[in-house]
Amino acid sequence: AMYTYVDQDTCIACGTCGAVAPDVYDYDDEGLAFVLLDRNTGTFSVPEELQEDVMEAHEGCPTESIKLSDLVIGKEALSHI
Ligand code: F3S
């Protein structure tokens, strides 16, 4: 399984992740990315057909803010999205 979340503390709103994986990442009002699928909690297993996009976002993020895990991450849901 693959889980993902965006570390918004280090995201610089560069826009790469949403460009390469638009079904997975979106941006909040400040342009910071979050995971659409689960409100950035890292609890929704990324469907197989989207995993390649997520890998690309992970590799393309200049600040390494796209986190990946084989296990449920379970971050607190972002309150502002
Ligand atoms: Fe932020 Fe990295 Fe996406 S800087 S906008 S998480 S590619």
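Each reported figure results from applying straightforward, stated rules to the coordinates on display, with no laboratory input. None of these values were measured; they are calculated from a predicted model. Please note: Cβ atoms are built from the backbone with ideal geometry, for glycine as well, and neighbour counts cover all protein chains shown.
A few remarks follow.
- The chain: calculated mean residue ellipticity at 222 nm from DSSP helix runs of at least 4, using -39500 (n - 2.57): -6500 deg cm²/dmol
- Dividing the radius of gyration of the alpha carbons in the range 29-77 by their Kirkwood radius gives 0.94 for Rg/Rh.
- Sequence of 69, 79 once ranked by neighbouring C-beta atoms within 10 Å, starting from the fewest: 79, 69
- Label point distance in nm, residue 69-residue 52, each placed 7 Å from Cα along Cα→Cβ: 2.7 nm
- The range 15-46-the range 47-73 distance, computed between alpha-carbon centres (Å): 10 Å
- Extension reserve of the residue 80-residue 7 stretch, reckoned as 0.36 nm per residue once the Cα distance is removed: 24.8 nm
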